[in-house]
1. Looking at (1) out of contact with any strand residue (DSSP E or B) (no Cβ under 8 Å at 6 or more places or on another chain); (2) of a type outside the set (S, T, N, Q); (3) closer than 15 Å to VAL34 by Cβ, which is the only condition VAL129 fails?
2. Given the structure, is SER32 surrounded by 15 or more Cβ atoms within 10 Å (Cβ to Cβ), at pLDDT below 90 and among the small types (Gly, Ala, Ser)?
3. Pull up segment 1-52, narrow it to residues that are among the charged types (D, E, K, R) and assigned to a strand (DSSP E or B), then point me to the one that is nearest to THR183 (Cα to Cα).
4. For segment 80-115, enumerate the residues that are closer than 25 Å to LEU43 by Cβ and either touching a Leu at 6+ places or on another chain (Cβ under 6 Å) or β-branched (Val, Ile, Thr) (or both).
5. When the residues of segment 89-123 are filtered to those that are in a loop (DSSP other than H, G, I, E, B) and exposed (fewer than 14 other Cβ atoms within 10 Å of the Cβ), which remaining residue is modelled with the highest pLDDT?
6. Of the conditions (1) more than 11 Å from the chain's Cα centre (by Cα); (2) assigned to a loop (DSSP other than H, G, I, E, B), PRO84 fails just one. Which one is it?
7. Looking at the structure I just gave you, is LEU126 modelled with pLDDT of 95 or more, outside any helix (DSSP H, G or I), of a type in the set (A, V, I, L, M) and in contact with a helix residue (DSSP H, G or I) (Cβ under 6 Å, 6 or more places away or on another chain)?
Amino acid sequence: MKITKAAFSGSSTSIKGKPTLRLPEIAFIGRSNVGKSSLINMLCTGAQKETKGKELARTSASPGKTIAINHFLIDGKWYLVDMPGYGFAKLPQTQRKELARMNAEFINKSEELATLFVLIDSRHSLQEVDLQFIISAARAGIPLAFIFTKADKIGKNVLEKNITGIKKRLLEYWEELPPYFVTSAE
């Protein structure tokens with residue numbers, strides 16, 4: 001599928017603030033700085049964007065840049081949703097708790113959520129915070145898929161070893177893994 005048009009449709013901090021047009025939502029979540037916004041920008045490369053020359057989703061080298069749930073209307077048919085990261089972020093504890101509440105409300109109450117893509121940094125083994133989030137979402141019946149990010153940052157052999165290790169760890173909890181993809185924003 002080729003994305004031809006992408007437009008920012010709004011930010012919200014609660015389910016009530018979502019765009020009023022009810023369309024399927026494909027959401028990206030993962031640890032802070034795993035590459036959610038970068039992947040959205042890469043997927044929308046070449047699309048007509050209503051951003052006045054700027055990138056569609058804001059990116060930053062420092063964790064915790066996304067502090068609201070951001071909806072992007074794709075081809076007028078569905079939303080790509082950029083969610084705040086979980087885990088480490090250079091934010092006060094109270095703000096991290098608010099982001100966790102916001103994410104949980106969206107994931108558990110959005111009737112339009114079609115798939116939740118959990119982004120995992122392929123350079124590292126599966127972090128406990130990732131595992132706990134994935135287990136919680138799976139128990140809640142959320143449709144999951146995985147995206148292993150930053151594949152360009154390590155060699156092919158290390159990448160394969162790391163992904164094999166992550167999949168092995170996840171198979172302790174699943175008989176069959178949800179779909180997964182390996183990517184790089186480059």
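1. The single condition VAL129 does not satisfy is (1).
2. Yes: the conditions hold for SER32.
3. Here the residue is ARG31.
4. VAL81, PRO84, ILE107, THR115
5. Start the filter on segment 89-123 by keeping residues that are in a loop (DSSP other than H, G, I, E, B), which leaves 89-92, 110-112, 122-123.
The next check asks that each one be exposed (fewer than 14 other Cβ atoms within 10 Å of the Cβ); those that pass are 90, 92, 111.
Values: LYS90: 72, PRO92: 80, GLU111: 95.
Among residues in segment 89-123 that are in a loop (DSSP other than H, G, I, E, B) and exposed (fewer than 14 other Cβ atoms within 10 Å of the Cβ), the one modelled with the highest pLDDT is GLU111.
6. (1)
7. Taking the combined requirement at face value, the residue does not satisfy it.
Conditions (1) within 30 Å of LYS109 (Cα to Cα); (2) touching a residue at least 24 places away in the same chain (Cβ under 8 Å), marked per residue:
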residue	(1), (2)
PRO143	yes, yes
ILE147	yes, yes
LYS153	no, yes
ASN157	no, no
GLU160	no, no
ILE163	no, yes
LEU177	yes, yes
PHE181	yes, yes
ALA185	yes, yes
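The values are calculated or read from the model by the stated rules, or taken from the named source; none is laboratory data. What you see is a predicted model, and the numbers here were worked out from it, not measured in a lab. Using ideal geometry, Cβ is built from the backbone for each residue, glycine included, and neighbour counts are taken over all protein chains shown.
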